[in-house]
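Engineer: Below you will find the structure I want to go over with you.
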């Protein structure tokens with residue numbers, strides 16, 4: 001099975017687990033960093049692990065065992081997973097949460113998927129093959145369109161940028 005097929009199956013199964021919890025009352029715990037954790041985070045994590053563990057590649061998941069940088073710094077390839085990105089939004093029940101899985105080669109994402117279970121929309125992209133939405137290829141941007149993006153700034157919550165920066169600087173997630 002191709003990795004992209006594996007990711008699609010893993011994310012759809014994780015999304016199913018998330019939506020089962022979403023449809024009922026659920027409790028919210030606090031992680032060490034005071035961010036929320038629900039049954040949906042845990043169930044999504046387990047569903048994804050079931051698919052990725054067979055690849056033999058290391059897995060770095062927000063809900064998994066945390067490994068120090070000394071352990072991960074020599075990984076040539078690994079899976080980077082956020083089984084329920086947007087847990088705060090999940091708790092608010094506003095539908096704005098996703099399942100995120102990426103294959104990282106050295107320091108570069110080469111395959112990634114973002115699945116929005118509440119919307120049932122699945123985006124994925126693979127290096128040198130393009131980007132897809134629900135299995136349909138998205139149009140490539142022209143050189144001029146790509147230049148436009150280079151001149152724009154994208155905004156994300158500061159906590160997210162710090163998390164990403166710290167991960168590559170060897171600090172704990």
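Engineer: Provide a single number: the residues in the range 20-37 that are in a helix (DSSP H, G or I) and in contact with a helix residue (DSSP H, G or I) (Cβ under 7 Å, 6 or more places away or on another chain).
Structural biologist: Residues that pass the stated criteria total 2.
Engineer: For residue 40, indicate whether it is touching a residue at least 60 places away in the same chain (Cβ under 8 Å), in contact with a strand residue (DSSP E or B) (Cβ under 7 Å, 6 or more places away or on another chain) and either within 19 Å of residue 118 (Cβ to Cβ) or in a strand (DSSP E or B) (or both).
Structural biologist: When the stated conditions are applied, residue 40 does not pass them.
Engineer: Moving to a separate point now. Would you confirm, using the coordinates I've provided, whether residue 50 is over 15 Å from the mean Cα position of the chain (by Cα) and not in a helix (DSSP H, G or I)?
Structural biologist: When the stated conditions are applied, residue 50 does not pass them.
Engineer: If we scan the range 68-91, do we find a residue that is free of Cβ contacts under 8 Å to residues at least 12 places away in the same chain and either part of a strand (DSSP E or B) or within 20 Å of residue 22 (Cβ to Cβ) (or both)?
Structural biologist: Yes.
Engineer: Still on this structure: Among the listed residues 16, 73, identify the single one that is at pLDDT below 95 and out of contact with any strand residue (DSSP E or B) (no Cβ under 6 Å at 6 or more places or on another chain).
Structural biologist: Unique residue meeting the criteria: 73.
Engineer: Of these, 118, 172, which one is in contact with a helix residue (DSSP H, G or I) (Cβ under 9 Å, 6 or more places away or on another chain), assigned to a loop (DSSP other than H, G, I, E, B), under 27 Å from residue 90 (Cα atoms) and modelled with pLDDT of 60 or more?
Structural biologist: Result: 118 is the single residue among 118, 172 that is in contact with a helix residue (DSSP H, G or I) (Cβ under 9 Å, 6 or more places away or on another chain), assigned to a loop (DSSP other than H, G, I, E, B), under 27 Å from residue 90 (Cα atoms) and modelled with pLDDT of 60 or more.
Engineer: A further question follows. Determine if the range 2-19 includes at least one residue that is closer than 30 Å to residue 130 by Cβ and not in a helix (DSSP H, G or I).
Structural biologist: yes
The values are calculated or read from the model by the stated rules, or taken from the named source; none is laboratory data. Just so it is clear, the model here is predicted, and its values are computed rather than measured. Ideal geometry is used to build each Cβ from the backbone, glycine not excepted, and the neighbour counts take in all protein chains shown.
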